[in-house]
Amino acid sequence: MEFSIISGSASYTTTRLTIAQERKISSHIYFRNLLSCSLALDLLTTTIYLQLAKISQLRSTSATYLKFSMAKQQISLTAKLINGGIAGIVGVTCVFPIDLVKTRLQNQRQGQQIYKNMMDCLVKTVRSEGYFGMYRGAAVNLTLVTPEKAIKLAANDFFRQYLSKNEKGLTVFKEMLAGCGAGMCQVVITTPMEMLKIQLQDAGRLAAQQRKQASMSPTKLAATRVLSRSYNAGPSTAASALSATQIARELLRTQGIQGLYKGLWATLMRDVPFSMVYFPLFAHLNRLGQPSRDESAPFYWAFFSGCLAGSTAAVAVNPCDVVKTRLQSLNKGASEESYNGVVDCVSNIMRKEGPSAFLKGAGCRALVIAPLFGIAQVMYFIGIGEFILDLSPFN
């Protein structure tokens, strides 16, 4: 009985110990699980913190890269402006005498020719006006050709980059559209530059025409005075003393700012089609000289492409250049008519001089434009602007 009780007691005691142990074990397991959860939570928190730190670092890096990219684009634009300016100055210095001949040949009327051709005009200009007479009006060009060429080339690059977004390449239509935008941007500088330059370039022709008529009939000198403006009136000696500043002041005084922009529509008619032809043609010609897709064409190929594309575009738009030159010439020779706009100019030239008059000076214009844009493309290839910026203390 006792044994049983004892046995029962023993059995009961054993059971009690087993439950206590189980509770103790369960307590250990609970705290261990709780500790594991805490450690897991700490680990998760640490991981999230590290990820957030990494994201913050990436954002900081992206912001830095974005600033660097923007600065790089600004430097690239500045370099393009420098390249275009230097190319314009070098090109104009080389070909300006031919440009002067082009203007004088285009302004000649049928039956009143003083110059037979390009060489005859150069020879007569040197004889009557000296060597520096071939550079009459060059100061205006050298002053304004830098912003003009810089705007033209930089605007074309800008429009090409804008139109090529989300695409692998540009279609011919979009290339022409970019050229159209560049041509429209440049006329802000081109129109007043051409306006002043033409007056100075054509003054020698008018003076030569006056001398010729005076030698033929001295009594008609007063009746055939060719300089119609007050700032330009007088014999050839007065014409040689003209300056672009005097002409600009007189135009601003008498006509306002629109006086400097006379012939704006004719300039647009010339420069917009020119850019639409030149830039796509140059891009395709230059692509033919690339050894591979990732390599650029050699500099001599860039020069050749610029010359060929420039001369082709120049001849294509020469009729528009003739109209622009006639409209912007303020001073007329004897029996030289004035025009009341583009349509009137075109109809009068067609009726009195025939279609061939629209090709006057085409060869000279091709000889002017070809090296001008060839030099410009070589300047871009060499990277003169980038070199100057690298030497600059502001880099």
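The values are calculated or read from the model by the stated rules, or taken from the named source; none is laboratory data. Because the structure is predicted, anything quoted here is derived from the model rather than measured. Here the Cβ is made from the backbone with ideal geometry for all residues, glycine too, and neighbour counts use every protein chain on show. Remember, those area values only see protein heavy atoms, side chains included, never the ligands or the DNA or RNA. Shrake-Rupley method; radii C 1.70, N 1.55, O 1.52, S 1.80 Å.
Okay, here's what the table says:
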| read-out | value |
| --- | --- |
| For ALA207: the one exception among (1) out of contact with any Pro (no Cβ under 8 Å at 6 or more places or on another chain); (2) surrounded by 19 or more Cβ atoms within 10 Å (Cβ to Cβ) | (1) |
| Subset of segment 107-143 (residues that are under 30 Å from ILE82 (Cα atoms), open to solvent by less than 50 Å² (accessible area, probe 1.4 Å) and in a helix (DSSP H, G or I)) | GLY133, MET134, ALA138, VAL140, ASN141 |
| Count - residues of segment 107-142 that are of a type outside the set (Phe, Trp, Tyr) and free of Cβ contacts under 8 Å to residues at least 40 places away in the same chain | 13 |
| Checklist (1) touching a His at 6+ places or on another chain (Cβ under 9 Å); (2) open to solvent by 50 Å² or more (accessible area, probe 1.4 Å) applied to SER305, failing item | (2) |
| Residue match in segment 314-327 (condition: out of contact with any helix residue (DSSP H, G or I) (no Cβ under 6 Å at 6 or more places or on another chain), part of a loop (DSSP other than H, G, I, E, B) and not aromatic (Phe, Trp, Tyr)) | no |
| Hey, SER347 modelled with pLDDT of 90 or more, surrounded by fewer than 20 Cβ atoms within 10 Å (Cβ to Cβ) and in a helix (DSSP H, G or I) or not | yes |
| Residue that is open to solvent by 70 Å² or more (accessible area, probe 1.4 Å) and in contact with a helix residue (DSSP H, G or I) (Cβ under 9 Å, 6 or more places away or on another chain), where the choices are LEU372, LEU367 | LEU367 |
| Some residue of segment 227-243 being at pLDDT 90 or above, aliphatic (A, V, I, L, M) and buried (at least 18 other Cβ atoms within 10 Å of the Cβ) | no |
| Scan of segment 109-160 for residues that are within 30 Å of GLU353 (Cα to Cα) and either in contact with a strand residue (DSSP E or B) (Cβ under 8 Å, 6 or more places away or on another chain) or aliphatic (A, V, I, L, M) (or both), ordered by number | ILE114, MET118, MET119, LEU122, VAL123, VAL126, MET134, ALA138 |
| Condition met for LEU251 (in contact with a helix residue (DSSP H, G or I) (Cβ under 8 Å, 6 or more places away or on another chain), over 23 Å from VAL101 (Cα atoms) and at pLDDT 90 or above) | yes |
| Answer from ASP321, ASP344 - the residue that is within 21 Å of the chain's Cα centre (by Cα) and under 28 Å from ALA207 (Cβ atoms) | ASP321 |
| Number of positions in segment 247-264 that are in a helix (DSSP H, G or I) and exposed (fewer than 15 other Cβ atoms within 10 Å of the Cβ) | 7 |
| Scan of segment 270-295 for residues that are at pLDDT below 90 and aromatic (Phe, Trp, Tyr), ordered by number | PHE279 |
